[in-house]
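K.L.:
Please find one structure pasted underneath; my questions will follow.
Just so you know, all these numbers are worked out from the coordinates, no wet-lab data involved. Computed from a prediction, not measured in an experiment: that's the story for all the values here. Here the Cβ is made from the backbone with ideal geometry for all residues, glycine too, and neighbour counts use every protein chain on show.
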Amino acid sequence: MDVLVFTEARARLGAVLEAVVTDHNPVVVARRKGVGRWFWSHSPIGVSWKRSPGRLLSTPRNTSRLTFAVDQLDTGGDAPGSS
């Protein structure tokens with residue numbers, strides 16, 4: 001996983017997103033003020049989160065929310081909180 005500051009991510013946004021999709025390597029965008037964001041290629045989500053669940057599936061509520069979000073993305077809908 002790579003970590004970039006907001007300014008660098010903004011300056012290289014196209015290249016950053018292409019690398020995320022090509023390498024399937026998540027990128028965290030850190031911000032000095034406010035909440036950071038991360039980019040994760042949609043294609044491996046359905047596979048990788050089921051293979052190495054860790055904290056993503058640590059509680060029934062997390063499992064339900066993540067499954068719902070992935071299903072929404074797979075059917076072309078928006079994940080909760082993405083608007």
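K.L.:
Want the number for Ala30 to Gln72: 0.36 nm per residue separation, take away the alpha-carbon distance, what's left?
P.N.:
12.5 nm
K.L.:
So, R0 is 41 Å and r is the distance between the beta-carbons of Glu18 and Thr63; what FRET efficiency does that work out to, to 0.05?
P.N.:
0.85
K.L.:
I've got another one for you. Full-extension gain between Trp38 and Glu8, please, as 0.36 nm times their residue separation minus the C-alpha to C-alpha distance.
P.N.:
9.4 nm
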